[in-house]
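Written below as structure tokens is the structure these notes are about.
The values are calculated or read from the model by the stated rules, or taken from the named source; none is laboratory data. Keep in mind that what you see is a predicted model, and the values were worked out from it rather than measured. In this analysis, Cβ positions are derived from the backbone assuming ideal geometry, glycine residues included, and neighbour counts consider all displayed protein chains. Note: accessible area is taken over every heavy atom of the protein model, side chains too, but ligands, DNA and RNA are not part of it. Shrake-Rupley method; radii C 1.70, N 1.55, O 1.52, S 1.80 Å.
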Amino acid sequence: MRGFVRFVLILGLVAVAAGLWLTRPISIPEEEVAGLTGDAEAGEAVFWAAGCASCHSADEAEGEARLVLSGGQAFPSDFGTFRAPNISSNPEHGIGDWTLAEFLTALQNGISPEGQHYYPAFPYTAYRLAERQDLVDLFAFMQTLPASDAISLPHEVGFPFSIRRAVGAWNLLHLRDEFTVEDPLSDEETRGRYLAEALAHCGECHTPRNALGGLDRGAWLTGAPDPSGQGRIPDLTPEALGWSTGEIAAYLNDGFTPDFDVAGGHMQSVIQNMARLTEADRAAIAAYLLHARDDN
């Protein structure tokens, strides 16, 4: 009996050790990015495509105020309410003292400079697919933005979701390095996929989630319940949308639907971002969204 108990204890210790190793925070080493240089002008385009201002500027900020990334917006979910942090150039309250490696680690691995897992309310699962040079350029641009001394507000997440190390286990199940929509795609559709899946992270809102909060990629862009509990986020599949490429591109530019309705809620902020992209990029997103029509 003692031998059996000892075996169970040893097995338990091995399991715990394996779990800790598998869920460990993984950071990008400084030497891996030592030779990379960012272009702030190119980074501005990445900034708008990635939607940074939509979450990290003050609630209902307009115009130049959207460049002050003071954080504070609340994002309700089934797991609690998450609050966007200050990611301005302030070295104390923002990310002004971060290194490039720390910035890339946060965006692509979901790990803070302190070695803590970020909650996937931060769409690092999408940014993981971004080209590293694009993120290096983004870092260069963000360093030029105004500093804010606003203090980041804590998330309102109860036990057991408050256990950050558990996010490492979540990552094992949901973190991936492949795009959801597979090839073959045209060059324009490939560009649209990159913008929609990696930078603009459209799937984060427009795709339903499983019981653990991971995206149900088998129902990609088919719409989802609004986390606020009010209404539903629209289905973007071609059959449900019923719009032409030109109509989608126009909507991304001005927020008006073909029926002369107007974008509402968080989508208003997204449209402000999309309007900053080139006409070719908006057309590429539209081509990507309609790609499934060619497969049917």
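Observations on the structure shown:
- First in segment 153-178 and within 14 Å of Q116 (Cα to Cα), second anywhere and loosely packed, with under 14 Cβ neighbours inside 10 Å and of a type outside the set (D, E), Cβ under 6 Å, 6 or more apart: R164/Q116
- Among the numbered conditions (1) more than 24 Å from D187 (Cβ to Cβ); (2) touching a helix residue (DSSP H, G or I) at 6+ places or on another chain (Cβ under 8 Å); (3) hydroxyl-bearing (S, T, Y), the only one that T245 does not meet is (1).
- For S148: the one exception among (1) touching a helix residue (DSSP H, G or I) at 6+ places or on another chain (Cβ under 8 Å); (2) open to solvent by less than 50 Å² (accessible area, probe 1.4 Å): (1)
Yes/no per residue for (1) surrounded by 19 or more Cβ atoms within 10 Å (Cβ to Cβ); (2) polar (S, T, N, Q); (3) not in a helix (DSSP H, G or I):
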residue: A58; (1), (2), (3): no, no, yes
residue: T81; (1), (2), (3): no, yes, yes
residue: I87; (1), (2), (3): yes, no, yes
residue: I95; (1), (2), (3): yes, no, yes
residue: A101; (1), (2), (3): no, no, no
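- In the condition set (1) of a type in the set (F, W, Y); (2) in contact with a Lys or Arg (Cβ under 9 Å, 6 or more places away or on another chain); (3) part of a helix (DSSP H, G or I), Y119 is compliant with all but (3).
- Annotation: of all residues in segment 219-259 being among the β-branched types (V, I, T) and in a loop (DSSP other than H, G, I, E, B), the one that is nearest to A284 (Cα to Cα) is T237.
- The set of residues in segment 223-242 being of a type outside the set (D, E) and out of contact with any Leu (no Cβ under 8 Å at 6 or more places or on another chain) consists of A224, P225, P227, S228, G229, Q230, G231, R232, I233, A240, G242.
- A single entry from T245, T207, T222, T237 fulfils the requirement of being in the same structural domain as A275 (by TED's automatic domain parsing), open to solvent by less than 20 Å² (accessible area, probe 1.4 Å) and over 20 Å from R132 (Cα atoms): T207.
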